[in-house]
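Worksheet: one structure, shown below.
The values are calculated or read from the model by the stated rules, or taken from the named source; none is laboratory data. The model shown is predicted, which means the values in this text are computed figures rather than measured ones. Cβ coordinates were reconstructed from backbone atoms using ideal geometry, including for glycine residues, and neighbour counts include every protein chain displayed. The protein model used for the area step is the full one, side chains on, heavy atoms only, and it has no ligands, DNA or RNA in it. Shrake-Rupley method; radii C 1.70, N 1.55, O 1.52, S 1.80 Å.
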Amino acid sequence: MKFSIQSRNDSLSNQLMEAAKGYLTDFGLVFDEEEPNIVVSIGGDGTMLHGFHKYKHRLEDTAFVGIHTGHLGFYADWKPKELEKLVISLARKEFNVIEYPLLEVTIQYRHSGDSATYLAMNESTVKSPEVTLVMDVELNGEHFERFRGDGLCVSTPSGSTAYNKALGGAIIHPSLSSMQLTEMASINNRVFRTVGSPLVLPEHHNILLTPVKGPDFMVTIDHLQLLHKDVKSIEYKVAAEKVRFARFRSFPFWKRVHDSFIDDNG
Ligand code: NAD
């Protein structure tokens, strides 16, 4: 089995990275940054997001596991003191693989006719470089609403505890293959109207955003933000690909939600 390590690059994470690399090599695993079967992320959820994007071209052959060197993360849920246990479980292949849904984002450009497709593990947001974003929202080919406001966010189930939660979205269990659309400060009055509630859409549904004002948009894919010019449309759907996590012990999703947001002492 081949492994790679993604570190946040602070001194504690780098120290653990060196220790993990030594232990795993001693146990006969091969360090391979190009084609790892296991990616050990050491840092926080952001580190895991970086690791995911580095290896998103080979998701079928890669499983991720995260150690947190700061506070408990959603993806980074192992403690540094558990490193040796983790290494032994990896070496003995004593783990299960669980799969979480991802989001596919396709941006079409007007004049060139080109398109770009991205995968997000947490979410994608759309904002305008001007003050107000104005976009038509279509669901499965039917006009749904004209959105005016700060922006729109489409999240995965595992990303529902991140930006989506701050926007008042629901927390969705990752076993539900779905995506969630949430609004950022929509303008709602007698003239302008949006649904106001987050929408949860299943697999095979799609969300199409088409510009009403301005062809340029700030689009985020997880931690990456880019200005896209001359945009014709942005389409969201649940991706065919899934991200795989190596699970060495039971740590149910709702327990992670409890420990992250309520308290982690009992
Ligand atoms: P980062 O790594 O500092 O992450 C920001 C915070 O989001 C951290 O506390 C991290 O633990 C948490 N986080 C990330 N993914 C999570 C998840 N799935 N569930 C619960 N918490 C999660 O910053 P970054 O590297 O720029 O990360 C980008 C992420 O930051 C985005 O994907 C977005 O979800 C999040 N974000 C949140 C807000 C907000 O809550 N208002 C605003 C912008 C971005």
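Here are a few things to note about the model shown:
- Count - residues of the range 32-47 that are open to solvent by less than 40 Å² (accessible area, probe 1.4 Å) and without any contact (Cβ under 8 Å) to a residue 60 or more places away in the chain: 9
- The set of residues in the range 61-100 that are of a type in the set (Phe, Trp, Tyr) and within 20 Å of the chain's Cα centre (by Cα) comprises Phe64, Phe74, Tyr75, Trp78, Tyr100.
- Filter result for Glu138 (surrounded by 13 or more Cβ atoms within 10 Å (Cβ to Cβ), of a type in the set (Asp, Glu) and over 21 Å from the mean Cα position of the chain (by Cα)): yes
- Test result for Gly151, surrounded by 20 or more Cβ atoms within 10 Å (Cβ to Cβ), within 16 Å of the ligand (Cβ to nearest atom) and part of a strand (DSSP E or B): yes
- If the condition is being over 16 Å from Ser250 (Cβ atoms), open to solvent by 20 Å² or more (accessible area, probe 1.4 Å) and among the β-branched types (Val, Ile, Thr), then the range 54-100 contributes Thr69, Ile88.
- Close Cβ contacts (under 8 Å, 6 or more residues apart or on different chains) running from residues in the range 146-168 that are farther than 9 Å from Gln180 by Cα and basic (Lys, Arg) to residues that are crowded, with 22+ Cβ neighbours inside 10 Å and at pLDDT 95 or above comprise Arg146/Met135; Arg148/Leu133.
- Checked against (1) within 16 Å of the ligand (Cβ to nearest atom); (2) in contact with a helix residue (DSSP H, G or I) (Cβ under 8 Å, 6 or more places away or on another chain), Thr220 meets all criteria but (2).
- Condition broken by Ser124, with the remaining ones in (1) within 14 Å of the ligand (Cβ to nearest atom); (2) of a type in the set (Ser, Thr, Tyr); (3) under 16 Å from Phe253 (Cβ atoms) satisfied: (3)
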